[in-house]
1. Restricting attention to the range 253-263, does a residue exist that is open to solvent by 40 Å² or more (accessible area, probe 1.4 Å), basic (Lys, Arg), at pLDDT 95 or above and within 12 Å of the ligand (Cβ to nearest atom)?
2. Could you pull out the residue among Leu98, Leu125 that is surrounded by 14 or more Cβ atoms within 10 Å (Cβ to Cβ) and at pLDDT below 95?
3. Restricting to the range 157-178, give me the number of residues that are part of a helix (DSSP H, G or I) and either among the aromatic types (Phe, Trp, Tyr) or within 15 Å of the chain's Cα centre (by Cα) (or both).
4. Could you tell me which residue of the range 28-38 is farthest from the ligand (Cβ to nearest atom), considering only residues that are open to solvent by 20 Å² or more (accessible area, probe 1.4 Å) and touching a residue at least 40 places away in the same chain (Cβ under 8 Å)?
5. Could you look through the range 185-216, keep only residues that are in contact with a helix residue (DSSP H, G or I) (Cβ under 8 Å, 6 or more places away or on another chain), away from the ligand (no atom under 16 Å from the Cβ) and not hydrophobic (A, V, I, L, M, F, W, C), and pick out the one that is modelled with the lowest pLDDT?
6. Limited to the range 140-156, what total is found for residues that are surrounded by 12 or more Cβ atoms within 10 Å (Cβ to Cβ) and part of a loop (DSSP other than H, G, I, E, B)?
7. Determine the pairs where a residue that is closer than 11 Å to Pro61 by Cβ, located within the range 131-157, has a partner that is part of a helix (DSSP H, G or I) and among the basic types (Lys, Arg) with Cβ atoms under 7 Å apart, the partner being 6 or more residues away or on another chain.
8. Out of everything in the range 1-17 that is small (Gly, Ala, Ser) and part of a helix (DSSP H, G or I), what residue ends up being surrounded by the most Cβ atoms within 10 Å (Cβ to Cβ)?
Amino acid sequence: MYSEEEIKKAAKDIINSEKIVVLTGAGISTESGIPDFRGKDGLWTKYDPEDFTYSRFLQNPAKYWEMSVELAEFLLTAEPMPNPAHLALARLEELGKLKCIVTQNVDGLHQAAGNTDVIEFHGNLRRVVCIACGEHFPHELALEKAINGELPPLCDNCKGVLKPDAVLFEEPIPRHALERALQEARDCDLMLVIGTSAVVYPAAELPRIAKERDSYRASLFGFSSQSRVLDYTKGAKVIEINAEPTPLTGIVSDYLIEGKAGEILPKIVKEVEALLGY
Ligand code: NAD
């Protein structure tokens, strides 16, 4: 469980940083009622991750859409709302202390909370894309077709198969999102890593890239990878806010504030406001 000292320490680190990038995962949205994957009530206790690979989708898109009708209850019909953690990040942006958010989430809740620069690393489940012509449509349209028995739902333009515009396992990260996220990770001086188990790659690599940024720059100036010495004291600071330790804890992250993001983030932001004189 976190302490008030850790809250104050994080607020000071935020005040002392210029370029703050946030990486979020499914854990920031559990308090909005959307289950995560690997947490204790995660979706993988109910579904087989193998059914969410791109090759399975191509083999049997109808089966994917059958599962999707069930999953959509959580993500669309329940109309999840941003929770205090999302709202605290929106406030941090208003205060000029947040450059951008890289999110692995596909729920659109950071934008709903008011953040304006959100890099959607794994796409967005509120859209679908036709795998034949590339046209995008709102997810509701495809879901309505699926609920009415059109399995898989087809594109109105070309009759190609519709796929959620979220990245399935095995699928590449959208190029523009990958390039920007890498750039932001290399440039930041503080990365807040919130509600991610940090086991899904390449997203889990971003805190490492932030931490190794000075050795990365050294390599641009001609050092070979063998002569590259990692000095974690030179890179960006990395703070984790998570319900449990992750593979980053104690290795890549400077410290973990353990507990619920919806409690911890508003406290940190309140402390930042106080330090800024609000
Ligand atoms: P994950 O499920 O692997 O891990 C979530 C982490 O957050 C866990 O360590 C868990 O203990 C922690 N957590 C849960 N509730 C928390 C809370 N209230 N406060 C702080 N921490 C909390 O999620 P991941 O690392 O993001 O990877 C899963 C992938 O699944 C992502 O790539 C994402 O695309 C997708 N996904 C997205 C959503 C969504 O959009 N909301 C939901 C489920 C899965």
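The values are calculated or read from the model by the stated rules, or taken from the named source; none is laboratory data. Given the structure is predicted, the values throughout are model-derived calculations rather than measurements. No Cβ is skipped: glycine too gets one built from the backbone with ideal geometry, and neighbour counts run over all protein chains shown. When the accessible area is computed, the model is the full protein with side chains, heavy atoms only, and any ligands, DNA or RNA have been set aside. Shrake-Rupley method; radii C 1.70, N 1.55, O 1.52, S 1.80 Å.
1. Start the filter on the range 253-263 by keeping residues that are open to solvent by 40 Å² or more (accessible area, probe 1.4 Å), which leaves 254, 258, 260, 263.
Adding the requirement that they be basic (Lys, Arg) leaves 260.
Subset that is at pLDDT 95 or above: 260.
Now narrow it down to the ones that are within 12 Å of the ligand (Cβ to nearest atom): 260.
Looking through the range 253-263, at least one residue is open to solvent by 40 Å² or more (accessible area, probe 1.4 Å), basic (Lys, Arg), at pLDDT 95 or above and within 12 Å of the ligand (Cβ to nearest atom).
2. Working: Leu98 fails: at pLDDT below 95.
Answer to the check: Leu125.
3. To start, the set of residues in the range 157-178 that are part of a helix (DSSP H, G or I) comprises 175-178.
Right, trim to either among the aromatic types (Phe, Trp, Tyr) or within 15 Å of the chain's Cα centre (by Cα) (or both) and you get 177-178.
So the answer is 2.
4. Kept after step one, since they are open to solvent by 20 Å² or more (accessible area, probe 1.4 Å), are these residues of the range 28-38: 30-33, 35-38.
Filter again for touching a residue at least 40 places away in the same chain (Cβ under 8 Å), leaving 30-33, 36-38.
Values: Thr30: 4, Glu31: 5, Ser32: 8, Gly33: 10, Asp36: 3, Phe37: 3, Arg38: 4 Å.
Step by step, filter the range 28-38, then rank; the result is Gly33.
5. So, considering only residues that are in contact with a helix residue (DSSP H, G or I) (Cβ under 8 Å, 6 or more places away or on another chain), away from the ligand (no atom under 16 Å from the Cβ) and not hydrophobic (A, V, I, L, M, F, W, C), the one modelled with the lowest pLDDT is Tyr216.
6. In the first step, residues of the range 140-156 are kept if they are surrounded by 12 or more Cβ atoms within 10 Å (Cβ to Cβ); the result is 140-147, 150-156.
In the following step, the residues that additionally are part of a loop (DSSP other than H, G, I, E, B) were identified as 150-153, 155-156.
Looking only at that region, the number is 6.
7. Pro153/Lys145
8. Taking the range 1-17 first, the residues small (Gly, Ala, Ser) are 3, 10-11, 17.
Then drop every residue that is not part of a helix (DSSP H, G or I), which leaves 10-11.
On the way: Ala10: 26, Ala11: 21.
Checked the range 1-17; the qualifying residue surrounded by the most Cβ atoms within 10 Å (Cβ to Cβ) is Ala10.
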